[in-house]
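S.K.: Quick one: this structure, given as structure tokens, is what I'll be asking you about.
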């Protein structure tokens, strides 16, 4: 609950928007604008087409919103946004999943070289990402 209140304070302090996957979970009252992208499964045969389409969607959204930086906690859907942000000379902040204690996530491995700030939540996983910052339990 404390993490949510910290996020709400940041959201009120800064102009932000949210990009997340469509799912059965509802995102309530967070950021002035919310964009939903389809969930993608890398094992699905249509994955390459959906992934390329996501790059175009990321380009359009980041052009429209023009953020100073992108903060992401991952999922493969985040990768195109990180790549496009770097192409647009924006900062990328990546937070490796709390669930990743010993082994890196696929998205973490992909974004590691792109991120301006790479945050891990466990000391054990920091060994896998030498340039990371230990943030402790963020969420």
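The values are calculated or read from the model by the stated rules, or taken from the named source; none is laboratory data. Keep in mind the model is a prediction, meaning the values are calculated, not measured. Neighbour counts run over all protein chains shown; Cβ positions are idealised from the backbone, glycine included.
S.K.: Mind counting the residues in the range 88-138 that are without any contact (Cβ under 8 Å) to a residue 12 or more places away in the chain, exposed (fewer than 14 other Cβ atoms within 10 Å of the Cβ) and over 16 Å from the mean Cα position of the chain (by Cα)?
M.R.: Within the range 88-138, the subset without any contact (Cβ under 8 Å) to a residue 12 or more places away in the chain is 89, 99, 109, 113, 123, 126-127, 130.
Those left that are additionally exposed (fewer than 14 other Cβ atoms within 10 Å of the Cβ): 89, 99, 109, 113, 123, 127, 130.
Filter once more, so that each one left must be over 16 Å from the mean Cα position of the chain (by Cα): 89, 123, 127, 130.
Looking only at that region, the number is 4.
Residue-by-condition table, conditions (1) more than 15 Å from the chain's Cα centre (by Cα); (2) within 13 Å of residue 20 (Cβ to Cβ); (3) assigned to a helix (DSSP H, G or I):
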{"residue": "39", "(1), (2), (3)": "no, yes, no"}
{"residue": "42", "(1), (2), (3)": "yes, no, no"}
{"residue": "48", "(1), (2), (3)": "yes, no, yes"}
{"residue": "52", "(1), (2), (3)": "yes, no, yes"}
{"residue": "56", "(1), (2), (3)": "yes, no, yes"}
{"residue": "63", "(1), (2), (3)": "yes, no, yes"}
{"residue": "67", "(1), (2), (3)": "no, no, no"}
{"residue": "71", "(1), (2), (3)": "no, yes, no"}
{"residue": "75", "(1), (2), (3)": "no, yes, no"}
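S.K.: Continuing with this model, one more query. Counting only residues that are under 21 Å from residue 37 (Cα atoms) and either at pLDDT below 90 or in a strand (DSSP E or B) (or both), how many does the range 79-106 have?
M.R.: 6
S.K.: Let me ask something additional. Give the range 123-139 a look and list any residue that's modelled with pLDDT of 90 or more and in a loop (DSSP other than H, G, I, E, B), or say none.
M.R.: First, pick out the residues of the range 123-139 that are modelled with pLDDT of 90 or more: 123-134.
Result: 127, 128, 129, 130, 131, 132.
S.K.: Still on this structure: Out of all the residues in the range 9-31, is one or more in contact with a helix residue (DSSP H, G or I) (Cβ under 9 Å, 6 or more places away or on another chain), loosely packed, with under 15 Cβ neighbours inside 10 Å and at pLDDT 85 or above?
M.R.: No.
S.K.: Test residue 51 against the criterion of being under 30 Å from residue 128 (Cβ atoms), modelled with pLDDT of 80 or more, surrounded by fewer than 17 Cβ atoms within 10 Å (Cβ to Cβ) and in contact with a helix residue (DSSP H, G or I) (Cβ under 6 Å, 6 or more places away or on another chain), and give yes or no.
M.R.: Judged against the criteria, residue 51 is not a match.
S.K.: If residue 46 satisfies all but one of (1) farther than 23 Å from residue 137 by Cα; (2) out of contact with any helix residue (DSSP H, G or I) (no Cβ under 9 Å at 6 or more places or on another chain); (3) modelled with pLDDT under 90, what's the number of the condition it fails?
M.R.: (3)
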